[in-house]
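Everything on this sheet refers to the single structure shown next.
The values are calculated or read from the model by the stated rules, or taken from the named source; none is laboratory data. On a predicted model such as this, the values are computed, not experimentally measured, just so you know. Cβ placement follows ideal geometry from the backbone for every residue including glycine, while neighbour counts extend to all protein chains displayed. We work out accessible area using only protein heavy atoms, side chains counted, and drop any ligands, DNA or RNA first. Shrake-Rupley method; radii C 1.70, N 1.55, O 1.52, S 1.80 Å.
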Amino acid sequence: MKKLTLKTLVCTLCASLALVGGLVLTGCSGTNPEEAIRQYITADFDEIKNLDDATMEELAEELGDTGLEAYGIETTDLLATMLDGFDYSIESVTVDGDAAVATVSVTAKSMGELLNMDTDAMTEALMEDLTSGALDANDGDAINAWAGEYVMNLVDAIEPSEKTVTLTFVNGDDGWELDESSNSEIEQIFI
């Protein structure tokens, strides 16, 4: 029987999903700093919230070969499932000179839950399908497809939870920009 590399699959999922954070918040300008920051957060988070098929395809291309195809998982399907239930609300924006802090409440699935999944339950389910003859122990592709379907069902079952992220902005030459330390805050939305 081909050995399942579940940890590799889960790590690949998490690494791929962390890249979604790269979409968010690049720079904003305007006469009213608070309003400019609110508009930019809205524009960027709405892009994630209302992801259309074309943007989903573009994201999948940017992610490139995730290695998930061997498990029968299409990157676009994974992204759609992961982003199901995504929502946000801007709680506050406080501007102090050339610095600003925005507090955003985000509802999203946490892919970190996959790291805590019950691998014994997965192994038991796999062994049941192998023992019953539903799966052929010598068919590595079928076993990989089974594992992919199992993991996608787990991703689908993750309930979105609410998190609060604090984003720090600085007013630079190109207007208000998210400071580098806030990038990790955005990545934490999904991990």
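Quick look at the values:
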item	result
Qualifying residues in region 32-63 (those that are in contact with a helix residue (DSSP H, G or I) (Cβ under 9 Å, 6 or more places away or on another chain) and either over 30 Å from Asn171 (Cα atoms) or among the hydroxyl-bearing types (Ser, Thr, Tyr) (or both)) - the one surrounded by the most Cβ atoms within 10 Å (Cβ to Cβ)	Leu63
Tally, over region 157-166, of residues that are outside any loop (DSSP other than H, G, I, E, B) and surrounded by 12 or more Cβ atoms within 10 Å (Cβ to Cβ)	4
Counted residues, region 146-156 - those being farther than 30 Å from Tyr40 by Cα and open to solvent by less than 50 Å² (accessible area, probe 1.4 Å)	5
Qualifying positions in region 173-191 - open to solvent by less than 20 Å² (accessible area, probe 1.4 Å) and over 19 Å from Asp96 (Cβ atoms)	Ile186, Ile189, Phe190
Count of residues meeting criterion [of a type in the set (D, E, K, R) and either in contact with a Ser or Thr (Cβ under 8 Å, 6 or more places away or on another chain) or surrounded by 15 or more Cβ atoms within 10 Å (Cβ to Cβ) (or both)] in region 81-100	2
Elements of type helices (runs of 4 or more DSSP H) in region 25-138, at least 1 residues being at pLDDT 85 or above and touching a strand residue (DSSP E or B) at 6+ places or on another chain (Cβ under 8 Å)	33-49, 75-83
